[in-house]
Amino acid sequence: MLSIFDDRFPVYYTVIFIVMSFVLGAVIGSFLNVVIIRVPRHEPISGAHNRSHCMSCGKQLSNIDLIPILSYIFLGGKCRFCKAKISPRYWIVELTTAVAYTLSIIFLGLSASLGIMFVLIAALIVASGVDIDRMEIPYGCSIVITALGIAATIVSAVIYDPDAVPSGNTLERAAMAVFNMPWYDHLIGAAAISVPFAVLAMFGAMGGGDMQLMAAAGLLLGWKNIIPAAAIGIVLGAIGGSIELLSVPKGAKKRAREKSAEIAAKWYDEQKGNGIYVIEGKTEAIYGSLFKGNADIEPECIDEKLWNGKPDIPALNRMLEEELPDISKFGISIVIENIRSEKDPDSYVENGKIRSVSCKRQVVFGPYLSVGIFAAYIFGETIVSWYTGLI
């Protein structure tokens, strides 16, 4: 590791390194904006026929419109052609990536860890952006981080020396953080963080994408560093989630629950009219989400062994989208039962009924976990040493 603040470098070299990292981050951030938008839509991210264009008027953008960060400022946040407002998200992603790259070279110096960090930042930015937009984390991001983890594991197996005394220098410790451990610590990190996050996912507190992201990060960071990463992500998520929950418009949750129950009952009546219903003595639970006017109940969530026929899940999604176009970030659960009560057999509804419908506000955790992973990559060992020192 060679620090950019090394006495062998003139001061202007240090300034050049910092400026170049900032510019590189801004340029990469501009590209990541394209990835965040197009990859979930299965659109190509390059090619002559896929040039950047205004999302409102469709005009192809020229180079002057695509200068990272600066174009948004110079254009006043509006399209040069149709004057439509440009989402501030574009320059926020560019600025965030630029700042993250700059902090990385400051703390990691010119090292192998810096190269890994640059790729890691890009994966975390994309994961966070897509999670905010669609409440899902792309498998590709977890795969990229897993590949980095495999590389770090191999390097650790080659260079780790258990007899070496780690330097007390914070910069040097940060630069060697993902290599300064036995190779099996990486595997333990992936396994150890997967279990609690899998449990959280089972109870709906986290998504499957969050679990995959943290498992990949655990492989990269090792078990000691993934602990502060998870702690930081969960604390930030709790704070951010509380703010999100408090910002829900008054009555939105009640309206979502009551309207969803009405829609579910109507949909199930239609299914029964077509001879499709939950068989007697069984209970079915259907789960999904409502996000930005899109209902996402997967047909695979149905247990066909519990049904007499195949229920029309796409029809349920359409009904939810038509009736609740303004409801966002809500998880929906529909429980259908076809059970005759021994205490009150007269209350039995032929072919079953909707027993309950619940709607819960969902919180996006990807961005918070990403901040934790980023912080732990640089400061993980320092945080662990500080905490163990307190004990």
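No lab work stands behind these numbers, since they all come straight from the coordinates. Computed from a predicted structure; not experimentally measured. Backbone-built Cβ (ideal geometry, glycine too); neighbour counts: all protein chains shown.
Panel order for ASP296, ASP7, ASP326, by other beta carbons found within 10 Å of each beta carbon, from fewest to most: ASP7, ASP326, ASP296.
Just how far, in whole angstrom, is the stretch 72-108 from the stretch 319-364 if you go by their alpha carbon centroids? Rounded to whole Å, the Cα centres lie 43 Å apart. For the peptides 184-190, 340-346, 236-242, the ranking by packing is 184-190, 236-242, 340-346, with the highest mean count of neighbouring Cβ atoms within 10 Å listed first. Report, as a whole number in µm² per second, the diffusion coefficient that Stokes-Einstein gives for the stretch 180-337 at 10 °C and 1.306 mPa s using the Kirkwood radius over alpha carbon pairs. Estimated diffusion coefficient is 87 µm²/s. For the stretch 75-115, the direction-averaged projected area of the alpha-carbon convex hull comes to 3.7 nm².
What angle do you read, to the nearest 10 degrees and between 0 and 90, between the alpha-carbon axis of helix 183-202 and the longest principal axis of the chain? Tilt of helix 183-202: around 30 degrees. Panel order for ILE276, ILE378, by other beta carbons found within 10 Å of each beta carbon, from fewest to most: ILE276, ILE378.
Report the percentage of all Cα-Cα pairs in the stretch 304-391 whose separation exceeds 17 Å, rounded to a whole percent. Everything past 17 Å amounts to 72 percent. Where the alpha-carbon atoms of the chain are placed on the principal axes, they occupy 88, 59, 38 Å, in descending order. Spin-label pair TYR287-ALA157: with each label point 7 Å from Cα along the Cα-Cβ axis, the two points sit 3.6 nm from one another.
Give the cross-link partners of LYS310 among the aspartates and glutamates, using a straight C-alpha distance below 12 Å as the criterion and excluding same-chain residues fewer than 8 apart. Those aspartates and glutamates meeting the cut-off are GLU300.
Here the stretch 252-361 is treated as an ellipsoid with the same Cα gyration tensor; its semi-axes, largest first and in whole Å, are 24, 15, 11.
The length gained by stretching the chain between GLU342 and THR382 to full extension, at 0.36 nm per residue less their Cα-Cα distance, is 8.1 nm.
Straight Cα distances below 18 angstrom link LYS224 to the aspartates and glutamates ASP161, GLU172, ASP185, GLU381, with same-chain residues fewer than 8 positions distant left out. Helix 112-134 and the longest principal axis of the C-alpha atoms of the chain enclose an angle of approximately 30°.
Would you kindly give the portion of the calculated P(r) for the stretch 1-110 that falls above 24 Å, as a percent of all Cα pairs?
I get 36 percent for the Cα pairs in the stretch 1-110 exceeding 24 Å.
Restriction of the chymotrypsin sites (Phe, Trp or Tyr not before Pro) in the stretch 76-150 to DSSP coil positions whose beta-carbon has at most 16 other beta-carbons within 10 angstrom yields PHE81.
The share of alpha-carbon pairs in the stretch 205-258 lying farther apart than 15 Å comes to 61%. With a threshold of 25 Å on the Cα-Cα distance, the over-threshold entries among LYS254/LYS292; LYS259/LYS329; LYS250/LYS292; LYS85/LYS259; LYS259/LYS353; LYS59/LYS85 are LYS85/LYS259. In summary, the convex hull built on the alpha carbon positions of the stretch 238-288 has an orientation-averaged projected area of 5.3 nm².
Cross-link reach is defined here as a Cα-Cα straight distance under 19 Å, omitting same-chain residues fewer than 8 places apart; for LYS253 the aspartates and glutamates meeting it are GLU244, GLU262, ASP296, GLU321, GLU322, GLU323, ASP326.
Helix 208-246 axis versus longest C-alpha principal axis of the chain: approximately 60°, rounded to the nearest ten.
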